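Derivation of every value follows stated rules applied to the coordinates shown; laboratory data play no part. The shown structure was predicted, so the numbers you read here are calculated from the model rather than taken from an experiment. In this analysis, Cβ positions are derived from the backbone assuming ideal geometry, glycine residues included, and neighbour counts consider all displayed protein chains.
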Amino acid sequence: MADKKATREALGDELTALGAVREDLVVLTADLADATRVEYFRHKYPERFIECGIAEANMMGVAAGLAATGKVAVASSFAMFAAGRAFEQIRNSIGYTELNVKIAATHAGVSVGEDGASHQCNEDIALMRTIPGMTVINPADYTEARTALRAAVEMNGPCYIRFGRAAVPDLSAEDENYSFEIGKGRLLSEGKDVTVIASGLTVAMALEAKEILKADGIDAEIINIHTIKPLDTELVCASAKKTGCVVTAEEHNIIGGLGSAVAEALSENCPVIMRRVGVEDVWGKSGSAGALLDIYGISAANIAAKAKEAYLAKKNG
Amino acid sequence: MEITKRQELSEIARKIRIGIVESTNAAGCGHPGGSLSIADVLAWLYFGGEMNINPNDPAWADRDRLVLSKGHAAPALYSTLALRGFFPVEDLKTLRKPDSHLQGHPNMHKTPGVDMSTGSLGQGISAACGMALSAKLDNKDYRVYAIVGDGESQEGEVWEAAMFASHFKLDNLCAVIDLNGLQIDGKVTDVMDIAPMDKKFAAFGWNVFECDAHDLDSVEKAFTAAREAKGAPSVILSHSVKGKGVSFMENNAGWHGKATNAKEFEQAMAELRGEA
């Protein structure tokens with residue numbers, strides 16, 4: 001079994017590594033340096049670390065101003081207070097301006113855990129996806145998160161990257177053929193009966209679901225869509241055409257996120273039977289990350305169940 | 001200020017005002033009131049020797065920056081930039097048209113000389129803080145100016161930025177609050193009183209200066225004092241008249257966001273040309 005590590009650790013580690021090679025890199029926080037792990041960067045590069053206090057709206061504007069004068073600015077906070085609270089600052093001061101700001105949002109989804117619904121952002125992907133020109137990335141594990149952040153810093157323009165608090169298996173570290181390109185999904189395991197499209201922490205669950213489905217004689221294809229925008233429509237449609245049914249799995253409201261993005265691509269290009277796994281338009285609550293993921297059906301078992309349902313609907317259709 | 005310089009700058013301010021009235025009239029909409037109130041300040045910034053800029057190289061890395069945080073006063077900025085040679089004055093008549101580089105609110109990628117896209121109130125001053133901090137990080141000596149509306153100061157983000165600028169001792173930042181006293185729904189004092197702005201900014205750790213926005217000597221004095229003040233950001237409380245220069249627009253909230261009709265346009269132009 002792969003080592004488990006939270007993707008937020010990748011944020012701190014990779015920023016620190018990038019700091020050595022990118023003198024133009026500046027990192028901003030709004031009183032969450034420790035929780036988001038950008039604290040690691042502060043230790044090494046205090047002169048390029050900007051503590052903004054609890055003022056996310058201003059932080060986004062400051063990041064825009066830094067980018068407008070030649071910096072690569074990484075603005076970090078919890079997903080709720082970045083994508084949520086500062087949505088309009090991101091839209092107008094970072095999106096519309098096409099500035100080189102990377103929004104690093106941690107503590108996304110219900111796996112935030114005990115802090116409860118006020119802090120469990122299940123809407124960030126939906127919000128960020130509607131901003132023209134915004135790249136939206138949701139890495140699956142520690143290794144992918146580091147690679148994605150590096151790619152985001154190397155690209156020009158605004159990018160939203162989501163990081164999690166919960167420890168997840170670092171599967172990419174064990175993948176000899178691992179490669180990452182923004183906008184290119186990864187076909188993790190081929191299958192012929194049903195396509196499971198996962199993103200973020202559901203990728204490991206989807207691979208587990210494949211084993212569960214195998215016992216039922218169902219051969220699932222597993223795809224990791226780390227970049228939700230721009231979506232790899234080619235890969236999604238090719239797989240959908242092959243298997244004839246698709247299940248999406250995400251730690252986000254089923255409205256507006258990966259499920260919606262995939263549904264949009266499929267319905268225009270190759271409509272197939274579809275099921276969505278995610279938070280079903282309800283509020284989160286307090287609890288351990290593991291317990292909450294189970295409660296909201298974000299689990300290998302539920303992904304397998306929905307995949308079976310989609311498969312049978314196709315077969316009996 | 002020498003008499004010739006004062007005459008020169010007031011002539012430029014008058015031309016800026018003509019550009020404001022002509023462009024909004026051509027567009028059939030726009031915000032003349034809050035544009036006219038900042039015309040003299042812009043004349044000082046862009047023509048008085050205050051700002052270090054180069055119209056032939058708008059993206060020059062070491063230039064001074066201006067963020068029009070009250071982005072709806074775009075016609076004033078456009079008129080100023082055109083007169084300063086960033087683009088042809090004739091372009092002003094394309095204001096707010098789909099193919100124009102002169103959008104309803106400033107766009108840094110479309111218009112040469114615009115340093116930050118603005119329009120949603122409260123955001124520009126934060127970007128100005130980022131630019132000023134960037135200069136500090138790079139040991140550069142360019143200055144950053146932010147023009148903020150008095151109504152705009154009701155936005156919480158303005159005060160987040162005020163805290164930030166003072167915390168980081170951004171003495172290369174100069175905010176100008178255009179105190180024209182009016183906003184869309186009426187008098188600022190009636191809608192949501194922002195007074196006392198001097199005490200508020202002082203309490204936030206800023207150097208506070210005041211000027212009569214339509215007296216160029218007073219404007220020069222305030223900007224010079226702001227430039228000399230070190231260790232903290234400076235704010236200039238610029239006491240202005242909304243609609244200044246066009247009699248029927250002056251001190252009338254109704255002229256916040258509408259253009260002249262044919263008759264009003266003729267009268268406004270006659271006044272600005274000194275024929276009325």
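A few points about this structure:
- Cross-link pairs A:Lys210/A:Lys242; B:Lys136/B:Lys221; B:Lys169/B:Lys200; B:Lys187/B:Lys242; A:Lys71/A:Lys184; A:Lys71/A:Lys102 - those with Cα-Cα distance over 20 Å: B:Lys136/B:Lys221; A:Lys71/A:Lys184
- Test item: B:154-160 mean partner chain Cβ contacts at 10 Å: 4
- Here the protein assembly as shown carries DSSP beta bridges of which approximately 15% are antiparallel, counting only pairs with both residues inside.
- Region B:60-133 versus region A:203-243: alpha-carbon centroid distance in Å: 47 Å
- Net charge dipole size for region A:4-169 [Lys, Arg +1 and Asp, Glu -1 on Cβ; Debye, nearest 20]: 240 debye
- Ranking of A:Ile228, A:Ile50, A:Ile197 by count of other Cβ atoms within 10 Å, fewest first: A:Ile50, A:Ile228, A:Ile197
- Centre-to-centre separation between the Cα atoms of region B:174-199 and those of region B:232-246: 10 Å.
- Inter-chain Cβ neighbour average for residues A:90-97, partner chain, 10 Å: 5
- Listed peptides B:249-261, B:33-45 by packing density, highest first (mean Cβ within 10 Å): B:33-45, B:249-261
- Computed from Cα positions, the angle between helix A:300-316 and the longest principal axis of chain A comes to roughly 50 degrees.
- Sorting the segments A:175-185, A:97-107, B:108-118 by their mean number of nearby beta carbons within 10 angstrom, highest to lowest, gives A:97-107, B:108-118, A:175-185.
- Sorting B:207-213, A:66-72 by average packing, meaning the other beta carbons within 10 Å per residue, from highest down gives A:66-72, B:207-213.
- For peptide B:60-66, the mean count of partner chain Cβ atoms within 10 Å of a residue's Cβ comes to 1.
- Every helix of 4 or more DSSP H residues in chain A counts as -39500 (n - 2.57), and over all residues that averages to -11000 deg cm²/dmol at 222 nm.
- Share antiparallel - DSSP beta bridges, chain A, percent rounded to 5: 20 percent
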